[in-house]
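> Below is a structure I'd like to ask you about.
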């Protein structure tokens, strides 16, 4: 069965920003749990689910990274003129999509950054 894309997920629209540098750990964990719940509700599974060998059943590493990247953070890149540039970006969780395989196992995270 071919891969397909799911999302964006309406439940993630309009969420207030979290600054992970100053946020309470519980707020960060609740945001991770919300994303997890939305994905579970959509029927998404972790890698290895169909074979009974889940790699990361609750996407802990991936969701932690997404939530941390949703907080504004610095990146550096080289522009077309070869100049090093510092930018501030954040993942827009309301644009989150996932690519899933025939077992609804997530293969790829897709999102926009500000």
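The values are calculated or read from the model by the stated rules, or taken from the named source; none is laboratory data. The model shown is predicted, which means the values in this text are computed figures rather than measured ones. When we count neighbours, we look across all protein chains shown, and the Cβ atoms used for this are built from the backbone with ideal geometry, even at glycine.
> Which pairs do you get when a residue that is farther than 21 Å from residue 19 by Cβ, found in region 57-83, comes within reach of a residue that is assigned to a strand (DSSP E or B), reach meaning Cβ atoms under 6 angstrom, with the pair 6+ apart or on two chains?
Hits for this filter: 77/85; 78/84; 79/85.
> Something else now. Scanning for something surrounded by 11 or more Cβ atoms within 10 Å (Cβ to Cβ), within 23 Å of residue 89 (Cα to Cα) and touching a strand residue (DSSP E or B) at 6+ places or on another chain (Cβ under 8 Å), does region 32-53 turn up at least one residue?
Within region 32-53, one or more residues are surrounded by 11 or more Cβ atoms within 10 Å (Cβ to Cβ), within 23 Å of residue 89 (Cα to Cα) and touching a strand residue (DSSP E or B) at 6+ places or on another chain (Cβ under 8 Å).
> Here are the criteria: (1) under 20 Å from residue 109 (Cβ atoms); (2) at pLDDT 95 or above; (3) surrounded by 12 or more Cβ atoms within 10 Å (Cβ to Cβ). Tell me which single one residue 60 does not satisfy.
Unmet for residue 60, out of (1) under 20 Å from residue 109 (Cβ atoms); (2) at pLDDT 95 or above; (3) surrounded by 12 or more Cβ atoms within 10 Å (Cβ to Cβ): (2).
> Suppose we filter region 70-103 for residues that are surrounded by 13 or more Cβ atoms within 10 Å (Cβ to Cβ) and either closer than 23 Å to residue 31 by Cβ or in contact with a helix residue (DSSP H, G or I) (Cβ under 6 Å, 6 or more places away or on another chain) (or both); how many remain?
Residues flagged as surrounded by 13 or more Cβ atoms within 10 Å (Cβ to Cβ) and either closer than 23 Å to residue 31 by Cβ or in contact with a helix residue (DSSP H, G or I) (Cβ under 6 Å, 6 or more places away or on another chain) (or both) within region 70-103 amount to 16.
> Same structure, new question: Keeping to region 89-101, report how many residues are free of Cβ contacts under 8 Å to residues at least 24 places away in the same chain and more than 22 Å from residue 4 (Cβ to Cβ).
Qualifying residue count, region 89-101: 0.
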